[in-house]
Amino acid sequence: MRFKIVSLGCPKNLVESEYITERLCSAGHTLGDDGDTVIINTCAFIAEAARESIETILGAAKDGDRRIVVTGCLVERYREKLPDLLPEVGAFVGRACYGDIDRIIGENGFHHREGVFSETFPRRVLTKPPTTYLKIQEGCDNRCHYCTIPSIRGGLTSRTEDDILQEFRWLLGQGYLEINIIAQDITSYGKDRGSKDGLAGLIRKLLREKGDYYLRLLYMHPKGVTERLVDLMGSDGRIIPYLDIPVQHCEDRILSLMGRGHTKACLEELIAMAAGRLPEAVLRTSIIVGFPTETDEEFEALLAFVQRHRFDALGAFMYAREEGTAAYKLKGQVKMGIKRARYNRLMETQKEISRQRLTRFMGKTVRVVVEDDAANPKVGRMLTQAPDIDGVAFVTGQCRAGDVREGKVVKTLDYDVVVEV
């Protein structure tokens, strides 16, 4: 069989697509864009993502000569409803069946069993060096009231340190230099195994590997960001000074309704601690506007919180009411027009903050990852810009895609910079 794979959604899904690819190729199947089978690894953590997944499936179905196989979160969330909804699909494969996908890939029907998927190695990385992802765990035990992830991906399941180290060494050997540590909440790493060292202990072991590489820690729940972890980040230049801490809101009543497990005072203390111990760090966050019963006064307080703390990067989302979550039954749903207006105000505020924050890089020497050399100027990122979610660096000078180079920031924009190497 010759197959093509389409990976939708987050980097965690991409890693699983890479596992599927390696599993199939090791069994003698061939990867290629002209494949007679297209595998669509779907995202469905919110209804909008599920719609995008379905649209991608229907788009692929227009090419009647290709057999369609659907995997991923859409299968986990909607399960037995899918065969009737999408008769164009030959096979649906649940995540717990990935270990057997080389055997069942040619069989039509609905393949699903209870359990979680946590294996991610060996895998065939689908992105070129120098950037990739290293998934250290699966699932989540935080149970935020708006989130579908635990019902889709299950509870926290940490990989063993030996397994992670084996994959990490392999990635370095393949030429990957910018390695993003990912999971639903990486600060929970090891809790299910009773680990005392947790994430900090794992990172220390990774750093024992010699070489010029960089680690970025992505998605750290505020409850799990400790002084010890922040100090570790500042102790080794191979850890990118990038704090990705989604706060979601700042007002205690809304935080309680969200089930976040912390207060506004905790957030204030955390941000002050991080700024004091790692002053050069880029601080990124995520925020939800229009959560049920959010008042004008609470939104204004949220806006003031953002203006006071001046996050370098911010992802904002309008609350999505998702069936199966604790927040679904909450009364006081905010009208879409109000949510959209609040979202727009927040993003306009953040655009100005981002523009001002980027000026601190003006004239400084930074490291950039060159991603695309076909355009002029070339396109890449400062190491303090995470792939796909932050701004970019427009790069001038002699360099090629895949390079990690030093350069001087010669211009700053709203979200992006211009770097001369």
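Among the residues here, residue 276 does not qualify as in contact (Cβ under 8 Å) with a residue 60 or more places away in the chain and either surrounded by fewer than 17 Cβ atoms within 10 Å (Cβ to Cβ) or closer than 22 Å to residue 312 by Cα (or both).
For segment 283-306, residues that are outside any helix (DSSP H, G or I), surrounded by fewer than 22 Cβ atoms within 10 Å (Cβ to Cβ) and touching an Asp or Glu at 6+ places or on another chain (Cβ under 8 Å) total 1.
Does residue 380 satisfy the condition of being touching a strand residue (DSSP E or B) at 6+ places or on another chain (Cβ under 7 Å), on the phi < 0 side of the Ramachandran plot and not assigned by TED's automatic domain parsing to the domain that holds residue 243? So residue 380 fits the description; yes.
Can you say whether residue 48 is of a type in the set (Asp, Glu) and either in contact with a Phe, Trp or Tyr (Cβ under 8 Å, 6 or more places away or on another chain) or closer than 23 Å to residue 102 by Cβ (or both), as far as the supplied structure shows? Answer is no for this residue.
Number of residues in segment 328-346 that are surrounded by fewer than 15 Cβ atoms within 10 Å (Cβ to Cβ) and touching an Asp or Glu at 6+ places or on another chain (Cβ under 8 Å) equals 1. Residue pairs whose Cβ atoms lie under 9 Å apart, separated by 6 or more positions or on different chains, with the first residue in segment 135-150 and farther than 14 Å from residue 190 by Cβ and assigned by TED's automatic domain parsing to the domain that holds residue 19 and the second among the hydroxyl-bearing types (Ser, Thr, Tyr) and not in a loop (DSSP other than H, G, I, E, B), do not occur.
In segment 347-421, counting only strands (runs of 3 or more DSSP E) that sit wholly within it, the ones holding 1 or more residues that are surrounded by 20 or more Cβ atoms within 10 Å (Cβ to Cβ), of a type in the set (Val, Ile, Thr) and under 24 Å from the mean Cα position of the chain (by Cα) span 365-372, 417-420. Can you find a residue in segment 285-304 that is in the same structural domain as residue 182 (by TED's automatic domain parsing), of a type in the set (Phe, Trp, Tyr), in contact (Cβ under 8 Å) with a residue 40 or more places away in the chain and in contact with a Cys (Cβ under 8 Å, 6 or more places away or on another chain)? No: zero hits. When the criteria are applied in full, residue 89 meets the requirement of being farther than 24 Å from residue 323 by Cα, without any contact (Cβ under 8 Å) to a residue 60 or more places away in the chain and outside the structural domain of residue 145 (by TED's automatic domain parsing).
The values are calculated or read from the model by the stated rules, or taken from the named source; none is laboratory data. Predicted model, so just to flag it, every value in this text is computed and none were measured. All Cβ positions, glycine included, derive from the backbone under ideal geometry; neighbour counts span all protein chains shown.
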